[in-house]
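Let me begin by presenting the structure, written as structure tokens, before commenting on it.
Each reported figure results from applying straightforward, stated rules to the coordinates on display, with no laboratory input. Keep in mind that what you see is a predicted model, and the values were worked out from it rather than measured. Neighbour counts run over all protein chains shown; Cβ positions are idealised from the backbone, glycine included.
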Amino acid sequence: MSDNQEIVSLTFFEYPKRNRWWAFNQMQLALSPIRQVDGVSFFKLMGTGGGFGFSLKPDFRTYALLLVWKNAAFARMYSESEIYKRFSQQCKSNFTYWMRCSQCHGSWNGKQPFAVTAKATSEGPIMVITRARVKLRKIPRFLRFVPGSSRSAEKADGLLFTKGIGEWPAIEQATFSYWQSQQKMEAYAYQTAHRKIIQKVKKEGWYKEELFARFVPVSISNTNEVRELA
């Protein structure tokens, strides 16, 4: 991996019960410190959904921090940053997915946050972030159909991990998923039930803004170890 290429990290911090109110407050209090992290071009501090994949039920144990690093040299300083220390000292565990974007279309708050710096293969593992801002008048339709579609992924062949993430419940929602291969991800994405939802979304214009991005995994690090994937 070139030190000059952009790299993306997505960290999930899980907090013990005694620190969950503190973690909730960080959704606002931590924004200014995150902006001061050297080498970060885009970030989102998000809550997560309970259950499997997308869920309206919040998971108050777990919060997600997405960081887009200008290059790998900056990213290597993540564990020494004040914001990482701030969160890790309060959480009981954390793990980070490191990845490089291979495909992206759409926008996030009017920005294209991910530069394409990698080439995916159909056989290799893949990570995916989908994100949408739902039109207010379309929220009832969204809530009726999308959670059920998300639950259908629970038995999807090749799905290693998924978690609903987002800035605002029901309005600004995203999902992170990790698959054994691009082939298996596409097999799920193009199966009948999921495809029908996508067609309905486009036909009825549910989203004010949306983004779909694929990533080549680099490594997964947790509190105690780093596992290289590429």
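Quick notes
- Near ASN109, once Lys and Arg are set to +1 and Asp and Glu to -1 for all other residues with Cβ below 10 Å from its Cβ, the sum equals +1.
- Environment charge at ALA120 (Cβ cut-off 15 Å; Lys +1, Arg +1, Asp -1, Glu -1): +2
- For ARG137, neighbours were defined as the other residues whose beta-carbon sits under 11 Å from its Cβ, and their charges (Lys and Arg +1, Asp and Glu -1) total +3.
- Area projected by the alpha carbon convex hull of the chain, averaged over all directions, nm²: 12.0
- Within the stretch 17-105, the trypsin sites (Lys or Arg not before Pro) that combine a DSSP coil assignment with at most 15 other C-beta atoms in a 10 angstrom radius are ARG76, LYS92.
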